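Single-structure report; data block below.
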Amino acid sequence: MFNIVLVHPQIPQNTGAIGRVCVNTDCKLHIIKPTCFEINDKNVKRAGLDYWNLLDLTVWESLEEFMKSHEPHIDRFFFATTKTKKPYFKFEFQKGDYLFFGGESTGLPMEFMEKKWENAMTIPMGKNGRSLNLSIAVGIILYDAIRQNFSDFEMV
């Protein structure tokens with residue numbers, strides 16, 4: 001349904017949980033290296049439970065490699081970041097969109113987001129909030145995209 005793109009994820013348990021969400025929502029997961037763990041790390045698989053073998057997963061060696069293959073779709077790239085004030089719920093998502101999330105302590109590279117800055121979005125937080133857990137952030141934005149496209153979503 002959608003493409004979840006993790007750029008330089010750092011915590012294997014978050015990546016495993018996101019993989020599990022992707023299986024349950026028929027989404028493709030793209031992981032862009034470098035990561036701070038091996039994709040076969042037991043913590044990734046533990047968080048993904050027995051879903052990991054069902055995951056539609058592509059691991060890319062670099063952001064440049066990913067872009068060579070996906071540049072034509074840049075208009076449908078959406079970047080989750082704390083560096084904008086535009087909330088995710090102001091966007092209209094379409095089936096097949098690419099939802100990008102950066103590493104837990106680094107976020108997405110600014111020069112990458114500037115390629116389509118008008119698609120930078122944030123999850124609103126109170127004045128004491130700095131950021132959310134990566135897997136929670138993915139869930140919030142992904143499920144709003146599904147809500148917007150629910151007629152295309154096949155439930156069991």
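Every number here is computed from the coordinates shown, using simple stated rules; none is lab data. Treat the numbers as computed from the prediction; the structure is a model and nothing was measured. All Cβ positions, glycine included, derive from the backbone under ideal geometry; neighbour counts span all protein chains shown.
The table below lists the values:
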read-out: Residues with amide H under 5 Å from that of Asp56, placed H, sequence gap 5 or more; value: Leu29
read-out: Set of aspartates and glutamates with alpha-carbon distance to Lys86 below 12 Å, sequence-local pairs under 8 removed; value: Glu118
read-out: Order of Asp50, Asp152 - criterion: other Cβ atoms within 10 Å of each residue's Cβ, fewest first; value: Asp50, Asp152
read-out: Sequence of Lys68, Lys86 once ranked by neighbouring C-beta atoms within 10 Å, starting from the fewest; value: Lys68, Lys86
read-out: Beta bridges by DSSP in the chain, antiparallel share as percent, to the nearest 5; value: 5
read-out: Choice from Thr58, Thr81, Thr15 with maximal GNM fluctuation in the chain (Cα, 10 Å cutoff); value: Thr58
read-out: The chain - Cys residues lacking any other Cys C-beta under 4.7 Å; value: Cys36
read-out: Relative contact order (%) - the stretch 75-141, alpha-carbon pairs under 8 angstrom, separation at least six; value: 45
read-out: Residue order, fewest to most surrounding Cβ atoms within 10 angstrom, among Glu154, Glu114; value: Glu154, Glu114
read-out: Per-residue HN-Hα couplings for the stretch 112-126 [Karplus 6.51, -1.76, 1.60; θ = phi - 60°; Hz; x = Gly/Pro]; value: 6, 5, 5, 5, 8, 4, 5, 9, 7, 9, 9, 9, x, 9, x
read-out: Net +/- balance of residues flanking Ile136 in space, Cβ distance below 15 Å, scoring K and R +1, D and E -1; value: 0
read-out: Within straight-line cross-link reach of Lys42, lysines at Cα separation under 22 Å, skipping those fewer than 8 residues along the same chain; value: Lys28, Lys33
read-out: Karplus-derived HN-Hα couplings along the stretch 128-139 (A = 6.51, B = -1.76, C = 1.60, θ = phi - 60°), whole Hz, x at Gly and Pro; value: 8, x, 10, 6, 10, 4, 4, 5, 5, 4, 4, x
read-out: Farthest positive-ward along the stretch 3-152 dipole, Cα basis, beta-carbon charges - from Ser151, Ala120, Thr82; value: Thr82
read-out: Nearest-20 debye value, the stretch 3-152 charge dipole, Cβ charges on Lys, Arg, Asp, Glu; value: 540
read-out: Interchain or long-range residues, amide H under 5 Å from Lys86's placed H; value: Thr122
read-out: Structure-derived mean projected area of the Cα convex hull in nm²: which label, when the choices are (1) 23.8; (2) 9.1; (3) 13.1; value: (2)
